[in-house]
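Chemist: I am attaching a structure below and will ask some questions about it afterwards.
Each reported figure results from applying straightforward, stated rules to the coordinates on display, with no laboratory input. Bear in mind the structure is a predicted one, so any value in this text is a computation, not a measurement. Neighbour counts run over all protein chains shown; Cβ positions are idealised from the backbone, glycine included.
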Amino acid sequence: MRALKYFFAEAGASLWHGRRAAALAILTVTVGLFLLGFFLLVNANVDRLVAQWAQAAEMSVYLTDDASAEQRAAVEATLAASPLVRSFEYVSKVDALARFQHDFKDLAGLTNELGENPLPAAFEVRLRSSAGDQAGIDALAASLSKAPGVADVRYDRQWLNRLLLAVALLRGVSLVIITIVGIAAALTVANVVRLAAYARLDEIEIMHLVGSPAAFIRGPFVVEGVLQGGIGALGALLLLWAGYAVATARYGTMLADAIGLDGLAFFSPMMMLLLVVGGMAVGCVGGLVAARGVR
Amino acid sequence: MIEAYHLSKVYSRGVYALRDLSLTVEKGEFVFLTGPSGAGKSTFLRLMLRQELPSEGQLMVSGRNLSDLRPREVQSYRRSVGFVFQDFKLIPRKTVFENVAFVPRVLGAPEASQRRKAFQVLKWVGLQHRMTALPLDLSGGEQQRIAIARALVNDPMLVLADEPTGNLDPDLSLEIMNLFREINARGTTVVVATHDRELIRQVGRRALTLDQGQIVETS
Ligand SMILES: Nc1ncnc2c1ncn2[C@@H]1O[C@H](COP(=O)(O)OP(=O)(O)OP(=O)(O)O)[C@@H](O)[C@H]1O
Ligand SMILES: [Mg+2]
């Protein structure tokens, strides 16, 4: 306890003494964690978006207007039998029109003028999101489109898969960049702490000569690194939160309209804590590296 | 308390700083090490503080062979030794009081005891009124007294001093020596390296004269 107090007092004084260099170290930690946090936020929101899209109807099987009840039943049986199908729903011509008029109130008059219902009846099919079997889905779509009474089959699974692939790629690249920035931040902290140590080599020599325990000699450097990392992490969180607030205020409604995402998500308190702890860990590594160099 | 047996210290290329040195210092004794420049006085004190290890021979302090100490034991051994450097080695950024309190502080002593001990020794060397000054604002003699106060703050059983009067005029030198005599009178073993023969004569204690790493005279 007393040792901790000593570590913090020394580390605080040393930070203040070398505040310019310390600011640099804190900045690198901030940049590193900002990138990490930005990536995590984008990732979380893209995940939500993908999940939402995956929920939406993925395959529409449009029927011809003159499809017979048997033909419709055959299509229904095919869908019910397929392991790739999670659920499906029949939307009759009347239902489709009602939906259209509800969704596009401006155009409601148009359908009245036409005098007839231009919308086809359809099965709206949800595929199992875990089913990565693209070939199977393609085969299902092909056989359905050839079935009698079916006008057209549309599905956006392919597009979704490409999106998922792109997201995965983005994830990989970001992780590499974040790792590099993280190492750079730890090294900067190490060098700045070591620089601060050089300013007090006389103290360290006396500590050695009077028999001060190794923990007492190294502790302040580790604490100094941890403080730099922690402050850097708080800075990153603050920047991220500001960015998040601006993005929500400016683009929130636009995003909701364009891609159907109702608001952006920020970190949970647990996640924020993890980020700060992560920054401290990076700083701790830097402090340890510097402390090992001090003899 | 100190027993050296056939002690040698060789630096690079066969330069003997100490050569086959044997000596004994009793507990509670006050001993001078003297001799010309390069005789090996500082080398012996460095071995005593376990800053370096002997090349040959044994150096025993209180029955412990300094060559056999593990790192933790080195720390605890050093805590029982007070050292006064010729160049003082005071920390210029810290006040006189902080310099002295630094030792108990980095040994993890409670804060109240740090302050009490530091104040006691500063009073003892007669500098309690300069507690808040910075070392560089003090005279050489005052700085040396601070360095001595710092060496004593942890109640060592042994005090080592390397040329503690090297930069001081004769009157001040004698004053400093009186401090060491007082420490010694309280039972602490004292070893002082100096080439000031006049000073040794005035203090009148045992003196070991070294030359080229060997004892050439005992008086
Ligand atoms: N680190 C070192 N590396 C090489 N040689 C050294 C080293 N330290 C001391 N020496 C040599 O060892 C010999 C003894 O040196 P030492 O410093 O012990 O002498 P001294 O008696 O303290 O002299 P002075 O009165 O000048 O302080 C000298 O010849 C010196 O050059
Ligand atoms: Mg010397």
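Chemist: How far apart, in nm, are the 7 Å Cα→Cβ label points at A:LEU4 and A:LEU84?
Modeler: About 5.9 nm separates the two model spin labels.
Chemist: Whole number please: convex hull volume per residue of the Cα set in chain A, in Å³?
Modeler: Convex hull of Cα atoms, per residue: 161 Å³.
Chemist: Once Lys and Arg get +1 and Asp and Glu get -1 on their Cβ, which of B:LEU210, A:ALA147, A:VAL289 lies farthest toward the positive end of the dipole of the protein assembly as shown?
Modeler: So the residue furthest toward the plus end is B:LEU210.
Chemist: Same structure, new question: When DSSP assigns beta bridges and you keep just the ones with both residues in the protein assembly as shown, what percent turn out antiparallel, to the nearest 5?
Modeler: 65
Chemist: I would also like to ask the following. Whole number please: convex hull volume per residue, Cα atoms of segment A:57-155, in Å³.
Modeler: 94
Chemist: Continuing with the same structure: Let me confirm one metric for peptide A:196-207, namely the mean number of other chain beta-carbon atoms within 10 Å of its residues' beta-carbons.
Modeler: Counting other chains' Cβ atoms within 10 Å and averaging over A:196-207 gives 3.
Chemist: Tell me the net charge near A:MET271. Cut-off is 15 Å between Cβ atoms, A:MET271 excluded, with +1 for each Lys or Arg and -1 for each Asp or Glu.
Modeler: Around A:MET271, the surrounding residues sum to 0.
Chemist: Can you tell me, using C-alpha contacts under 8 Å and at least 6 residues apart, the relative contact order of chain A as a whole percent?
Modeler: 32 percent.
Chemist: Please order A:TYR90, A:TYR6 by the number of other Cβ within 10 Å, starting at the fewest.
Modeler: Lowest to highest Cβ neighbour count: A:TYR90, A:TYR6.
Chemist: Volume per residue, Å³, of the convex hull around the alpha-carbon atoms of segment B:1-90?
Modeler: Expressed per residue, the convex hull around the Cα atoms of segment B:1-90 is 122 Å³.
Chemist: Cα convex hull of segment B:88-155: mean projected area in nm², to one decimal?
Modeler: Over every viewing direction, the Cα hull of segment B:88-155 projects on average to 3.9 nm².
Chemist: If I model a spin label as a point 7 Å beyond the Cα along the Cα-Cβ vector, how far apart are those points for A:ALA265 and B:ARG116 in nm?
Modeler: Between A:ALA265 and B:ARG116, the simple spin-label model gives 5.9 nm.
Chemist: Taking chain B as a Gaussian network, where each spring joins two C-alpha atoms under 10 Å apart, which residue of B:PRO54, B:PRO36, B:PRO135 fluctuates the most?
Modeler: In the Gaussian network model the winner is B:PRO36.
Chemist: Right, next: Going through segment B:9-63, which trypsin sites (Lys or Arg not before Pro) have at most 16 other Cβ atoms within 10 Å and a DSSP loop state?
Modeler: Sites meeting the loop and neighbour criteria: B:ARG13, B:LYS27.
Chemist: Taking the alpha-carbon centroid of each part, what is the distance from segment B:66-114 to segment A:1-69 in angstrom?
Modeler: Taking the Cα centre of each part, segment B:66-114 and segment A:1-69 sit 47 Å apart.
Chemist: Normalised by the empirical 2.2 N^0.38 Å for globular proteins, what value does the Cα Rg of chain B take?
Modeler: Relative to the rule-of-thumb radius for its length, chain B sits at 1.01.
Chemist: If we count other beta carbons within 10 Å of each Cβ, what is the order of A:TRP159, A:TRP241, fewest first?
Modeler: A:TRP159, A:TRP241
Chemist: Nothing charged except the Cβ atoms of Lys and Arg (+1) and of Asp and Glu (-1): what's the magnitude of the dipole of segment B:88-155 about its Cα centre? Round to the nearest 20 debye.
Modeler: 60
Chemist: Please compare each pair in B:LYS89/B:LYS117; B:LYS41/B:LYS117; A:LYS5/B:LYS94; B:LYS9/B:LYS117; B:LYS94/B:LYS117 to a cut-off of 26 Å on the Cα-Cα distance and tell me which ones are over it.
Modeler: Long pairs (Cα-Cα over 26 Å): B:LYS41/B:LYS117; B:LYS9/B:LYS117.
Chemist: May I pose another question? Exactly which trypsin sites (Lys or Arg not before Pro) in segment A:71-129 are in a DSSP loop and have at most 16 other Cβ atoms within 10 Å?
Modeler: Passing both the DSSP loop test and the Cβ count: A:ARG128.
Chemist: Right, another one. When the dipole is taken about the Cα centre of chain A, and only Lys, Arg (+1) and Asp, Glu (-1) are charged at their Cβ, what size is it in debye, to the nearest 20?
Modeler: It works out to roughly 1780 debye.
Chemist: Can I ask one more? As an exercise, identify the GluC sites (Glu not before Pro) in segment B:68-122 lying in DSSP coil whose Cβ has no more than 11 other Cβ atoms within 10 Å.
Modeler: none
Chemist: Show me, for segment A:177-187, the HN-Hα J-couplings you get by feeding each phi into the Karplus relation (A = 6.51, B = -1.76, C = 1.60, θ = phi - 60°), rounded to Hz, glycine and proline as x.
Modeler: 4, 5, 4, 4, 5, x, 5, 4, 5, 4, 5
Chemist: Oh, and also: What is the projected area of the convex hull of the Cα atoms of the protein assembly as shown, averaged over all directions, in nm²?
Modeler: 36.7
Chemist: Quantify how strongly other chains surround peptide B:64-75 by giving the mean number of their Cβ atoms within 10 Å of each of its Cβ atoms.
Modeler: Across B:64-75, the average partner-chain Cβ count within 10 Å equals 1.
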